[in-house]
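Participant: The structure follows.
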Amino acid sequence: MRNFFLLCTIVIAAISCSKQPEPVQQLNISRVDLMPAFPSPYKMLDWKEKTVQYDQYIFNTTHTGKHLPFVWIDSVKRNFDQNTFGMFTVIGDVRQGKNGSVEFHEALNAMGALMSAGLVGIDKTNQNGFNYVRMAQNYFNTENGWNIMMNNTHPSVALLGGGYGRDWWYDVFPNVLYYAVCDLYPNVPRADSLQRIIANQFYNADSVLNGNYNFSFFDYQQMKGVVNTIPLQQDVAAGHAYVLYSAYQKFGDEKYLRGAMSAMNAYDSQSESRFYEVLMPFGALMGAKLNATQGTNYDIQKYLNWTFDGCKAADGRTGWGVIAERWGDYDVHGLQGSITDGGGYAFLMNSFDLAWPLVPMVKYDTRYALAIGKWMLNVSNAARLFYPYEIDDAHQWLPEHKEITKNVIAYEGLRKFDDYGKENLKGISPVAIGDGPKWVKGQPQESMFSLYSSSQVGIFGSIIEKTNVEGILQLNCNATDFYAANTFPTYLYYNPYAEAKQVSINAPTESVDLYDVLTQQFLAKAITEETTFTIPSGAAQLIVVLPAGSDPEKKDNKILVNDKVIAYLPSSTKQQ
């Protein structure tokens, strides 16, 4: 009898142990491992406030003075019988507006600004009498037969700037942006039909390409790939996949899901990183989403390494990746751009864009929560250095003209060393700078200040919120997860300190529970006021805010509450 009770005790203990949740094992990103736990000097901007201030400054059409206002009306009515609007790419751009052509303006800039504003709750469908979202539809090129969003409204102005029918990412990224804009501003007339046409064009293009994305660009009218002097851009497959999967989520058409997976197969088939401008990290998000929702087995580690380590191919954009260095007295870890150009050349727009897919990615592959949390602390700290009032005058090219920026228009880039040969910048590192003066004769020095670089600030503005502990950020994983159900608020936290920290979360509007996906445990229950929870040293937490009394259950690779998915688990932590 004694042996029987002993056996029962062992069995009960074994059952109890088997029911203990298995924490999600975190995986490293080797380049993030090179970054400090806590960057210095440290200062975190209020990125939401900066987003709002940017919109207020840029879209004020009553401004007068040199280089003002920054926007104008383009009444040529290309593609659709309506006016559109233009924005200066950089301050004082002589190619544009009253300086040059009212038709020369860029979708990357305009749609980036619309997305940015929408992410922080600004209604651009009714602002000072303008529906800017509908006006942006003029970038949908019908007159040239491509029937997708393009960076300009017409070929007649395309050669004044970059892209447009010769540089593939310039033709695909406006559609990625447009899909984001449409999710933020639903029910705009004609938008749904344009999204359908774009998705069909991308689906047809992927079918023609049939796994071979080895082209400089694709002609969406003739449906053929073209090679020119610009490097091949195989990572465009991630852009196709992103738009097609977004179309699948919006319209429910299985054809778009098949197209997204076909494009991802082409992306995955590359033997090395082909990171060209901004689209490579969208492959990590798409791979993680498809793995989680469709049971595929894409190699997320490979895609993240391709992104962070960058392109090393001699016939590609060699050196294009993520910087992991300290320049002079400044940590610039996490910024995206060229690792090799002049010792390093980071770009603000690209650094914003990197957060768009990678922060929501952790909901679908939770193994990278710690690495992405650490990277986000570094990149968001370093990104302030592009703004002329956030870096000292000795480390920027044009401090005497910075007043016009109002500290919401940033320098285009941050170089390890000046490449213009300015005497007082010899040996100075880093240097806030811009390429604008190099683009065309007569361009003013102020063209170093870049609207196109600053327009997507709302990515940070919607994702990043400071907490009561300096250096611990609340990262909103739903903010840029467009077209997802986003049933419950989901936040990523990373503790860079060598000791545990008590972090506050704001008072909820109703009683809620705080559930950590990484440990599958509740941190707090039935809270109705501001509450603190503990983050262990050097750890991350992925917290879902659930209605009080929720009872999460595992089913396959999902964690559900009332049949609604709140998180996905990687294969190593799926319920057996």
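The values are calculated or read from the model by the stated rules, or taken from the named source; none is laboratory data. Note that this is a predicted model, so its numbers are computed, not measured. Virtual Cβ from ideal backbone geometry, glycine too; neighbours counted across all protein chains shown. Just so you know, the surface numbers come from the protein's heavy atoms only, side chains and all, with ligands and any DNA or RNA stripped out. Shrake-Rupley method; radii C 1.70, N 1.55, O 1.52, S 1.80 Å.
Participant: Could you tell me which of rounded, prolate or oblate describes segment 131-260, using a ≥ b ≥ c as the square roots of the eigenvalues of the alpha-carbon gyration tensor, with rounded for a/c under 1.5 and, failing that, prolate when a/b is larger than b/c and oblate otherwise?
Facilitator: On the way: a/c = 1.96, a/b = 1.15, b/c = 1.71.
Cα axes put segment 131-260 in the oblate bin.
Participant: What order do you get for 377-387, 96-106 when each peptide is scored by the mean count of other beta carbon atoms within 10 Å, highest first? Walk me through the intermediate numbers first.
Facilitator: Numbers: 377-387: 24.7, 96-106: 20.0.
Descending mean neighbour count gives 377-387, 96-106.
Participant: To the nearest Å, what is the center-to-center distance of segment 214-251 and segment 255-282, using C-alpha atoms only?
Facilitator: 9 Å
Participant: Order of 552-564, 115-127 by packing, highest average Cβ count within 10 Å first?
Facilitator: On the way: 552-564: 15.3, 115-127: 20.2.
Highest to lowest by the protection proxy: 115-127, 552-564.
Participant: Mind running the shape call on the chain? Use the C-alpha gyration tensor, a ≥ b ≥ c as the square roots of the eigenvalues: rounded below 1.5 for a/c, prolate if a/b tops b/c, oblate otherwise.
Facilitator: On the way: a/c = 1.74, a/b = 1.44, b/c = 1.21.
Since a/c reaches 1.5 and a/b is larger than b/c, the shape of the chain is classed as prolate.
Participant: Could you tell me the relative contact order of the chain? Use alpha-carbon pairs under 8 Å, at least six residues apart, and round to a whole percent.
Facilitator: Worked out over the chain, it gives 15 percent.
Participant: So, with a 1.4 angstrom probe, what is the percent of accessible area on the chain that is carbon and sulfur? Let's see the in-between values first.
Facilitator: Details: 10310 of 21250 Å².
Looking at the chain in its full context, I get 49 percent from C and S.
Participant: What is the angle, in °, between the Cα long axis of helix 348-364 and the longest principal axis of the Cα atoms in the chain? Nearest 10 is fine, range 0 to 90.
Facilitator: Relative to the chain, helix 348-364 is tipped by roughly 20 degrees.
Participant: How big is the gap, in Å, between the Cα center of segment 546-563 and the Cα center of segment 98-136?
Facilitator: Taking the Cα centre of segment 98-136 as reference, the centre of segment 546-563 is 40 Å away.
Participant: Could you name the aspartates and glutamates whose alpha carbon sits less than 20 Å from that of LYS564, not counting residues in the same chain fewer than 8 places away?
Facilitator: Those aspartates and glutamates meeting the cut-off are ASP365, ASP481, GLU510, ASP513, ASP516, ASP551, GLU553, ASP556.
Participant: Please compare each pair in LYS98/LYS441; LYS77/LYS224; LYS66/LYS441; LYS466/LYS525 to a cut-off of 21 Å on the Cα-Cα distance and tell me which ones are over it. Write down the numbers at each step before the final one.
Facilitator: Numbers: LYS98/LYS441 17 Å; LYS77/LYS224 28 Å; LYS66/LYS441 19 Å; LYS466/LYS525 23 Å.
From LYS98/LYS441; LYS77/LYS224; LYS66/LYS441; LYS466/LYS525, over 21 Å: LYS77/LYS224; LYS466/LYS525.
Participant: What length, rounded to one decimal in nm, is gained on full extension from LYS255 through to MET223, with 0.36 nm per residue of separation minus their alpha-carbon distance?
Facilitator: Working: separation 32, 0.36 × 32 = 11.52 nm, distance 1.84 nm.
So the chain would gain 9.7 nm between LYS255 and MET223.
Participant: Right, next: Rounded to the nearest 500, what is the 222 nm mean residue ellipticity of the chain from helices alone, with -39500 (n - 2.57) per DSSP H run of 4+ residues and division by all residues? Before the final figure, lay out the partial values.
Facilitator: Working: 16 runs with 187 residues, N = 576.
-10000 deg cm²/dmol, from helical runs alone.
Participant: How large is ³J(HN,Hα) for each residue in segment 423-435, as worked out from phi by the Karplus curve 6.51 cos²θ - 1.76 cosθ + 1.60 (θ = phi - 60°), to whole Hz, x for Gly and Pro?
Facilitator: Result, rounded to whole Hz: 4, 6, 9, 4, x, 7, 8, x, 10, 6, 7, x, 8.
Participant: When all protein chains stay in place, what accessible area (Å², nearest 10, 1.4 Å probe) is found for THR532?
Facilitator: 70 Å²
Participant: A follow-up question, please. Quick check on segment 218-375: take the gyration tensor over C-alpha atoms, sort the square-rooted eigenvalues as a ≥ b ≥ c, and tell me if it's rounded (a/c under 1.5), prolate or oblate. Mind dumping the intermediate values first?
Facilitator: Numbers: a/c = 2.17, a/b = 1.30, b/c = 1.67.
In terms of gyration-tensor shape, oblate.
Participant: Compute the distance in nm between two label points, each set 7 Å from the Cα along the Cα-to-Cβ direction, one at ILE404 and one at THR62.
Facilitator: Placing both labels 7 Å beyond Cα along the Cβ direction yields 2.2 nm.
Participant: Here's something else I'd like to know. Could you tell me the relative contact order of segment 391-503? Use alpha-carbon pairs under 8 Å, at least six residues apart, and round to a whole percent. Can you show the working numbers first?
Facilitator: Details: 154 pairs, mean separation 21.3, N = 113.
It rounds to 19 percent for segment 391-503.
Participant: Using only Cα atoms and rounding to the nearest 10 degrees, what angle (0 to 90) does helix 280-294 make with the longest principal axis of the chain?
Facilitator: Value to nearest ten degrees: 40.
Participant: Now for a separate question. Show me, for segment 506-520, the HN-Hα J-couplings you get by feeding each phi into the Karplus relation (A = 6.51, B = -1.76, C = 1.60, θ = phi - 60°), rounded to Hz, glycine and proline as x.
Facilitator: 4, 4, x, 7, 8, 5, 9, 10, 10, 10, 8, 5, 5, 10, 6
Participant: For segment 92-205, what does the accessible surface come to per residue with a 1.4 Å probe? Please give it in Å².
Facilitator: Numbers: 3290 Å² over 114 residues.
Per-residue accessible area for segment 92-205 comes out at 29 Å².
Participant: Any of LYS374/LYS501; LYS312/LYS363; LYS302/LYS374; LYS402/LYS422 with alpha carbons more than 21 Å apart? Name them for me.
Facilitator: Values: LYS374/LYS501 16 Å; LYS312/LYS363 29 Å; LYS302/LYS374 19 Å; LYS402/LYS422 17 Å.
Long pairs (Cα-Cα over 21 Å): LYS312/LYS363.
Participant: Do you know the relative contact order of segment 145-188, to the nearest whole percent, from alpha carbon pairs under 8 angstrom that are 6+ apart? Walk me through the intermediate numbers first.
Facilitator: Working: 29 pairs, mean separation 15.6, N = 44.
Across segment 145-188, relative contact order equals 35 percent.
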